[in-house]
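One structure, pasted below without further comment.
Nothing in this text is a laboratory measurement; each read-out follows from the coordinates by a stated rule. These numbers come from a predicted model, not from an experiment. Cβ sites come from the backbone with ideal geometry, for glycine too, and all protein chains shown count toward neighbours.
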Amino acid sequence: MKLNAFLKHSEYSSVKLQRLKTNHIQIEAKINGVKGVFILDTGASNSCVDIKLGGFFKIQSSESSEKASSATSEISNTLISKNNNIKIGKWNNKKFQIVLFDMSYINKTLIEQGSENVSGIIGSDLLKKGKGIIDYSSNRLFLKN
């Protein structure tokens, strides 16, 4: 039995992944019913949205004392939002926490390297909740329903 068939039989659903020119993996997701484009980052501990898009995604946020960091710098100005509805393909979670921060430098780098802006990052927190499996040979993300 092939992996795809086995996972579908095991109540997983899947979505297609797109590889960007920067070699990042892009995925579509809906947050609070609004569609966006995100980078799938297995090394990111939290899923994030660009702080400028909080209203667009209907995110209710509050101040956060936690600091975030990226591969290039520490991010001190973050907001936190709980109880968001996030949907990727058929997979859905109605109590999902999101960190908001300024992603200008990330999007600037993506554009300089020939890719497009993203709304945010899907991190390992979502992959853990969804029991995520990435199949690089078929460019698919599987999440347990």
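When the range 104-127 is examined, which residues are found to be farther than 12 Å from ALA44 by Cβ and not β-branched (Val, Ile, Thr)?
SER104, TYR105, ASN107, LYS108, LEU110, GLU112, GLN113, GLY114, SER115, GLU116, ASN117, SER119
Anything in the range 110-132 that is closer than 17 Å to ILE31 by Cβ, assigned to a loop (DSSP other than H, G, I, E, B) and in contact with a Ser or Thr (Cβ under 6 Å, 6 or more places away or on another chain)? List them, or say none.
Passing the criteria: only GLY123.
Right, next: Being under 15 Å from the mean Cα position of the chain (by Cα) and acidic (Asp, Glu) is the filter here, so list the residues in the range 1-50 that pass it.
GLU28, ASP41, ASP50
When the residues of the range 29-55 are filtered to those that are touching a residue at least 12 places away in the same chain (Cβ under 8 Å) and of a type in the set (Lys, Arg), which remaining residue is farthest from LEU143 (Cα to Cα)?
Filtering first and then ranking leaves LYS52.
In addition: Tally time: how many residues in the range 16-32 are out of contact with any Lys or Arg (no Cβ under 7 Å at 6 or more places or on another chain) and over 15 Å from GLU116 (Cβ atoms)?
Of the residues in the range 16-32, 1 are out of contact with any Lys or Arg (no Cβ under 7 Å at 6 or more places or on another chain) and over 15 Å from GLU116 (Cβ atoms).
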